[in-house]
Every structure is written in structure tokens, then in C-alpha cells.
Amino acid sequence: MRDLGFSWMAISQMLSVNVRTLYNHRIQLGLVDYGTFNNISNVDLDHLITEILTHTPGSGESYISGSLRGRGIRVQRWRVRERLRIVDPVGKALRRRRAIQRRVYNVTVPNQVWHIDTNHKLNPWGFVFHGGVDGYSRCITYMRCCTDNRASTAMQLFQSAVDLFGLPQRVRGDAGSENIDIARFMIEHRGPNRGSFMVGRSVHNQRIERLWGELNRVVSAYFKDLFLFMENVGILDSTDPFHIRALHHVYLPRINRSVDEFVNQWNHHSLRTMENNSRCSCGLLECCNFLSITDRSVKCTSDIVFTITSS
């Protein structure tokens, strides 16, 4: 819990244990207090920031701070800002833009609604991103770049996320055929006629669309520009299946390394609207607060619900 940024007072409240008792146990067990910042030199910090930018060139100071926190490194925000200005001055200037106003969205507890979708920004070269995000904490439950858009692929990724985070009460997605297995799974395990799988247009699936916007900026834009450059200089022909197969063999692992880095940044960077907690810590905090609550009603609006007949 300290690794997620919680104070000892917050941990004591979550566990219903006196803060002094926690302190005594920490002394007895010889646990290191992670509340202090790491003593890391500017050279080493520059090296880490450069490594992060190699995988996610569009990352700003917030995402880089989250990536460092995910690696167990605590550094003052002003130091990250200062080193980033030196390491990536052009990128810092390009990231300045006007904030987008979005609709107010409210979900009361983690795992109440997951938002899932696919991203086709790199589809001209046969790459498809599959992703899901928790509606409350905005924690990425799964994200992977694949070379197909099949329902079995989406279901496999969803099942892995369920094994890790638990089964959500409801899932929100679009009516694409890639979601049919997930819809069937949710209706079988959560029941019919309750909005177990809610369907609507992707452009209205706010949580996941916000996530795709960041993925496109931080990860996809770099590879899109790279592939277009390769086509322009004549070393890649996107109409040749052998070229595409070779491209998948070389770049799919690289893209997924960038995706893993992006997920680490997204899930661990602090949020101003959540008292500077990360998405992971927000989800854990609410799970502790609502541990005795097994289900909470969600009012389904005009979303359509899949109706699946057993064959």
C-alpha cells in the first residue's frame, strides 16, 4: 500500500488498525518507509526518462512520474519537469495544448462498469489494439496490440483481466462482432435483463475513448509516422502480405512493449481530481471502503442490451 502512495494514516483507516500499531509492526519487521524520495542522480534520472521516452515518445511529466512510481522510484515532480525540459525540449513544447471539456461521468465503486473497445489507428498495417478500463478508477484492466479483431482474441484478453481484477458487474461496449463472446460471457455469469452488457456507439463510450486519445498521442502516432516513412522511402509495401507478415514479426513485440510502458504510466500517475492518488490506489481504496457491498444498482439509460439465444 505504501508503494501505491498511501500514507500511514490512510492505511490505518482502510485496515481499521491504529496508526501507532502499524508503526510498531513496521519497526519490528524492519520495513523500509517508502514515503521518502529516492536519492537518484540527474544522470541516472535522465537515463530513465530517455528509456521511457523510447517506448512512449509522447509522454509528459505526469506519465513519466507515473512510470517511475510503477518502477518503485519516487522522485519530486519538479525534478521530473526540470530533467524533461533538458532531455526532450521539443516534445515538451509540442504537448502544450488546450484542455478538452468532457461530460460529467459518475460511477460509485470499482468493478461496477468496465468500458471495452478496439482501436484501429494502425489498422492499415494490420495492427488492432484491444483495451478495457474500469469506469470508476479509470485503471486499465487490459490492453494489447494484436493482429486480428476476432471475438476469441477479445475474450481471451478479457478473461485474463477478470482473473486479475475480478468480474465486473457490467460491461459497456459497442455492437461489433468482436464483443459477442464477452457479451455472452457477461450474460451467463451476471444474468440477463439487467444490463450485464450494455451496447452503445463507440463515440459515446467516454472512458475508453479518452484512453484511446492518450494511446494515440503517446504510442500510436510514433509508429504510424514510422510506417508511413517506411512506405515513402520504398522499404515497406502495405499491399504485400509478405511485407505485412515481416512487419508484424518485427514490430508487434515493440508496440506491445510501448503499450506495457503506457499502461504502467497511466495506472500509476497521480490524479488531481482524486487527491493526487493514482488509479491503482483509488481502486484499492474504494474496494476497501466498499468491501461489504457486493452489488450496487446502475441505472441503464438508452443503451441497447445484447440478446443472445442459445443454439
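Give Val162, Val203 a once-over and let me know the one that is surrounded by fewer than 16 Cβ atoms within 10 Å (Cβ to Cβ) and part of a helix (DSSP H, G or I). Working first, answer last.
Details: Val162 fails: surrounded by fewer than 16 Cβ atoms within 10 Å (Cβ to Cβ).
The match here is Val203.
Looking at Ala221, Ala246, Ala183, which one is within 27 Å of the chain's Cα centre (by Cα), in a helix (DSSP H, G or I) and modelled with pLDDT of 95 or more?
Ala183
Of all residues in region 42-85, count the ones that are within 24 Å of Cys139 (Cα to Cα) and either outside any helix (DSSP H, G or I) or among the polar types (S, T, N, Q) (or both).
15
Select, from Leu236, Leu228, the only residue that is of a type outside the set (Asp, Glu), under 23 Å from Gly126 (Cα atoms), assigned to a loop (DSSP other than H, G, I, E, B) and assigned by TED's automatic domain parsing to the domain that holds Gly132.
Only one candidate passes the filter, namely Leu236.
Quick check on Ile255: is it at pLDDT 95 or above, in a helix (DSSP H, G or I) and in contact with a Cys (Cβ under 9 Å, 6 or more places away or on another chain)?
The answer is yes for Ile255.
Among residues belonging to region 43-70 that are more than 16 Å from Val259 (Cβ to Cβ) and among the aliphatic types (A, V, I, L, M), point out the one that is surrounded by the fewest Cβ atoms within 10 Å (Cβ to Cβ). It would help to see each step written out before you state the result.
Of the residues in region 43-70, the ones more than 16 Å from Val259 (Cβ to Cβ) are 43-50, 60-62, 64-65, 68-69.
From what's left, among the aliphatic types (A, V, I, L, M): 43, 45, 48-49, 64, 68.
On the way: Val43: 8, Leu45: 21, Leu48: 19, Ile49: 22, Ile64: 26, Leu68: 23.
If we take residues in region 43-70 being more than 16 Å from Val259 (Cβ to Cβ) and among the aliphatic types (A, V, I, L, M), then Val43 is surrounded by the fewest Cβ atoms within 10 Å (Cβ to Cβ).
Residues Arg210, Arg138: which one is within 21 Å of the chain's Cα centre (by Cα), assigned to a helix (DSSP H, G or I), within 25 Å of Val109 (Cβ to Cβ) and in contact (Cβ under 8 Å) with a residue 40 or more places away in the chain?
Criteria check complete, one pass: Arg210.
What is the number of the single condition among (1) at pLDDT 85 or above; (2) touching a Lys or Arg at 6+ places or on another chain (Cβ under 9 Å); (3) surrounded by 18 or more Cβ atoms within 10 Å (Cβ to Cβ) that Pro124 does not meet?
Failing condition for Pro124: (3).
The values are calculated or read from the model by the stated rules, or taken from the named source; none is laboratory data. Computed from a predicted structure; not experimentally measured. A quick note on method: Cβ atoms are made from the backbone with ideal geometry, for glycine too, and the neighbour counts reach across all protein chains shown.
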